[in-house]
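What follows is a set of notes on a single structure, which appears directly below.
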Amino acid sequence: MISKKINFGDLDFDYIFENYTGEYEYDANASPCKPMVPSYSISVVLAVVYSLVCLLAVTGNLLVLVVILLNHRSISSTDVYLLHLAMADLLFALTLPFWAVDAVSGWVFGDAMCKVISMLQEVNFYSGILLLACISVDRYLVIVRSAQSHGRNRSWMVKLVCAVVWLVALLLSLPVLYKGEWTHGARTLCYEILDGQSADIWRTATRFLRHVIGFLVPLAAMVFCYSVTVWKLWRTKGFQKQKAMKVIIAVVLAFLVCWLPHNVTVLVDTLMRSKLIEDSCPKRDHLDRALSATQTLGFTHSCINPILYAFIGVKFRKNLVKILTDVGLMKTSETADFRRSESYTISGQTSTTI
């Protein structure tokens, strides 16, 4: 028998491997807690959820990309950020089929794909929250500071900011390159190849980096910018400008609902690993379950934004109907009925394609 420490996602287990069976056997001397092993039924449910989210996310985000790109002449700075946000969600959605197969059969795609897919997942998380922070700053500048949302110089500045966001997200995701493929018996895992005391120090350092740069700082920027912006809108006569904020605020709230629970759970896990919170088997068991559940909730975020645009974004629906009519998928009479039922009251500088 050989002993091996496995990290699968955010869960660390110590195991003894039986050479002749290929099955995992828990060793009470290797770890104080028995590891949580998901049942086959739970694995199948996860695979189905990932597949459905992938289908919705790919379809929805492709529509968002088409709607924005085909209306590029009236595109605003916020639309550029939303365009990149849709690209990030689309890239992440393409990784979900891999995780669906992994949930049922283990990792069967090789060591290189383990690194690539894991990195795409991290890049999506970082780019998503950083782009949302950029949107909050952009709305603050446009509404509170009365900056112009269009213009050649501003357009280039927005594109530069988006490029920096992708670069920062890529750099912050580099630690996942420590993930790799390890096979024993009939099961193959995609996990972090970290051993020894230095592994705990490295994991704690990268975790705190994720918490600070990847969540707390962008969240603080969003809270400040939107607080001041909403206060400014309340003082604006007619209060019509706030209508253009509905989609943006809904997008931010959706991100927080989907990812805040996982970030809080990972933070608790980090504090527990750092011995700042007392560890115990019952706590570890509940935390492992929470990590798995909140991560699945976070995965669903990639398909949420297009749904919000469709239900809240008036201009998005208008532009989508126009495109469907142009390609013959919608009759002109139906388009006329839709236009009569919609209100297009969107105020000047706060107007976006979405």
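The values are calculated or read from the model by the stated rules, or taken from the named source; none is laboratory data. Owing to the predicted nature of the structure, the values given are computational and were not obtained by experimental measurement. Note that we place each Cβ from the backbone using ideal geometry, even for glycine, and neighbour counts take in every protein chain shown.
Is it fair to say Ala221 is modelled with pLDDT of 85 or more, more than 16 Å from the chain's Cα centre (by Cα) and crowded, with 18+ Cβ neighbours inside 10 Å?
So Ala221 passes the test.
All but one of (1) modelled with pLDDT of 90 or more; (2) within 15 Å of Thr300 (Cα to Cα) hold for Leu62; which doesn't?
(2) is the only condition that Leu62 fails.
Would you point out the residue of region 146-161, among those that are among the basic types (Lys, Arg) and modelled with pLDDT under 80, that is surrounded by the fewest Cβ atoms within 10 Å (Cβ to Cβ)?
Keep residues of region 146-161 that are among the basic types (Lys, Arg), which gives 152, 154, 159.
Right, trim to modelled with pLDDT under 80 and you get 152, 154.
Numbers: Arg152: 7, Arg154: 18.
Per the stated criteria, the residue is Arg152.
Looking at Thr325, Thr335, which one is within 21 Å of Leu62 (Cβ to Cβ), surrounded by fewer than 19 Cβ atoms within 10 Å (Cβ to Cβ), at pLDDT below 75 and among the β-branched types (Val, Ile, Thr)?
Sole residue among the options that is within 21 Å of Leu62 (Cβ to Cβ), surrounded by fewer than 19 Cβ atoms within 10 Å (Cβ to Cβ), at pLDDT below 75 and among the β-branched types (Val, Ile, Thr): Thr325.
In the list Val247, Val212, Val251, Val228, which residue meets the criterion of being over 27 Å from Glu192 (Cβ atoms) and either modelled with pLDDT of 85 or more or surrounded by fewer than 20 Cβ atoms within 10 Å (Cβ to Cβ) (or both)?
Residue meeting the stated conditions: Val228.
I'd like the full set of residues that are farther than 22 Å from Pro175 by Cβ and either among the small types (Gly, Ala, Ser) or outside any helix (DSSP H, G or I) (or both), limited to region 71-125.
Passing the criteria: Asn71, Ser74, Ile75, Ser76, Ser77, Ala86, Ala93, Ala100, Ala103, Ser105, Gly106, Val108.
Note down all Cβ pairs under 7 Å where the first residue falls in region 265-276 and is within 10 Å of Thr204 (Cβ to Cβ), the second is of a type in the set (Asp, Glu), and they're at least six residues apart or on different chains.
Arg273/Asp200
Counting only residues that are charged (D, E, K, R) and over 16 Å from the mean Cα position of the chain (by Cα), which one in region 95-124 is nearest to Val44 (Cα to Cα)?
Looking at residues that are charged (D, E, K, R) and over 16 Å from the mean Cα position of the chain (by Cα), I get Asp102.
Restricting the search to region 291-324, which residues are aromatic (Phe, Trp, Tyr) and either outside any helix (DSSP H, G or I) or under 17 Å from Ala100 (Cα atoms) (or both)?
Hit for region 291-324 is Phe299, nothing else.
Residue-by-condition table, conditions (1) at pLDDT below 75; (2) aliphatic (A, V, I, L, M); (3) under 16 Å from the mean Cα position of the chain (by Cα); (4) under 28 Å from Thr206 (Cβ atoms):
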{"residue": "Ile2", "(1), (2), (3), (4)": "yes, yes, no, yes"}
{"residue": "Thr21", "(1), (2), (3), (4)": "yes, no, no, no"}
{"residue": "Asp27", "(1), (2), (3), (4)": "yes, no, no, yes"}
{"residue": "Pro32", "(1), (2), (3), (4)": "yes, no, no, yes"}
{"residue": "Val58", "(1), (2), (3), (4)": "no, yes, yes, no"}
{"residue": "His72", "(1), (2), (3), (4)": "yes, no, no, no"}
{"residue": "Ser77", "(1), (2), (3), (4)": "no, no, no, no"}
{"residue": "Leu82", "(1), (2), (3), (4)": "no, yes, yes, no"}
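Looking at region 150-164, I want the residues that are closer than 11 Å to Cys134 by Cβ and have a partner that is small (Gly, Ala, Ser) and modelled with pLDDT of 80 or more with Cβ atoms under 7 Å, at least 6 apart or on another chain. Which pairs are those?
Note: pairs meeting the criteria are Val158/Ser77.
Hey, could you check region 34-56 for residues that are polar (S, T, N, Q) and exposed (fewer than 14 other Cβ atoms within 10 Å of the Cβ) and say which is modelled with the highest pLDDT?
Among them, the one singled out is Ser41.
Name the residues in region 93-113 that are buried (at least 21 other Cβ atoms within 10 Å of the Cβ) and of a type outside the set (A, V, I, L, M), would you?
Thr95, Phe98, Trp99, Asp102, Trp107
Might you let me know whether region 53-64 holds any residue that is small (Gly, Ala, Ser) and outside any helix (DSSP H, G or I)?
No, because not a single residue in region 53-64 is small (Gly, Ala, Ser) and outside any helix (DSSP H, G or I).
Tally up the residues in region 280-295 that are within 22 Å of Thr206 (Cβ to Cβ) and touching a residue at least 40 places away in the same chain (Cβ under 8 Å), please.
5
Do the conditions hold for Ser136, that is, is it in a loop (DSSP other than H, G, I, E, B), among the hydroxyl-bearing types (Ser, Thr, Tyr) and over 23 Å from Cys54 (Cα atoms)?
No.
Identify, from the list His72, His84, the residue that is within 17 Å of Lys159 (Cβ to Cβ) and out of contact with any Cys (no Cβ under 9 Å at 6 or more places or on another chain).
Working: His84 fails: out of contact with any Cys (no Cβ under 9 Å at 6 or more places or on another chain).
Criteria check complete, one pass: His72.
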